[in-house]
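Structure, as structure tokens:
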Amino acid sequence: MSDDLEDLYQDIILDHNRRPRNSHEMVDSTHNAEGVNPLCGDEITVYLKLLDEKIEDISFKGQGCAISQASASLMTEIIKGLSLPDVRKQSDILQKLLITDEDNPNALFEYGNLAALSGVRKFPARIKCASLAWHALEAALQGKTSITTEDE
Ligand code: FES
């Protein structure tokens, strides 16, 4: 990955950590679930308003490291308004970005700001930070109220 691209990814992460989008409780959510990383104690609750199989609204609240907060913020921005199949696609893309060995110089163009999280794969211990909110999202969609990064 070029230094310029790495800097750009870092700027996106820092921006979402400093000014997290959709970071608030949602009292009228239809689904919500808490995701916990038991290795550090960080937790993020994801709130959804699901209407006609579509994410009408999404927000999150919780304590966590910069990567977990930025990932949650990016997730809410990307997922809002999507149908459930499209939510799954985004989740699959994130998993791919976090584990692939290949650098894709077009990732930002292809996947939007989600590509910024691909820089995390250089730090395997932080992959769980980047996945925390996405685990909570998945749990909420399955009707669960909590999940940990250590659950299967
Ligand atoms: Fe706890 Fe990142 S260090 S989620």
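Which FRET efficiency value, to the nearest 0.05, is calculated for residue 96 and residue 51 with the Förster distance at 41 angstrom and r the Cβ-Cβ distance?
0.90
Would you calculate a helix-derived [θ] at 222 nm for the chain, using -39,500 (n - 2.57) for each DSSP H run of n ≥ 4 and dividing by the full residue count, to the nearest 500?
-14000 deg cm²/dmol
For the chain, what's the relative contact order in percent, using C-alpha pairs closer than 8 Å and at least 6 residues apart?
Result for the chain is 31 percent.
Mind checking the full-extension length gain between residue 123 and residue 145? Use 0.36 nm per residue of separation minus the Cα-Cα distance, one decimal, nm.
Here the answer is 5.0 nm.
From the convex hull of the Cα coordinates of segment 1-100, what is the mean projected area in square nanometres?
7.0
Specify the inter-centroid distance of segment 24-50 and segment 61-88, based on alpha-carbon positions, in whole Å.
If we compute the Cα centre of each part, the gap is 11 Å.
Net charge within 13 Å of residue 6 by Cβ-Cβ distance, Lys/Arg positive one each and Asp/Glu negative one each, not counting residue 6 itself?
Here the count lands on -3.
Determine, from the Cβ-Cβ distance of residue 4 and residue 83 and an R0 of 22 Å, the FRET efficiency 1/(1 + (r/R0)^6), rounded to the nearest 0.05.
0.05
Most exposed first by the Cβ proxy, i.e. fewest other Cβ within 10 Å, how do 114, 94 rank?
Going from sparsest to densest Cβ surroundings: 114, 94.
Each reported figure results from applying straightforward, stated rules to the coordinates on display, with no laboratory input. Bear in mind that the values here come from a model prediction, so they are computed numbers and not experimental data. So basically every Cβ, Gly included, is an ideal-geometry build from the backbone, and we count neighbours across all protein chains shown.
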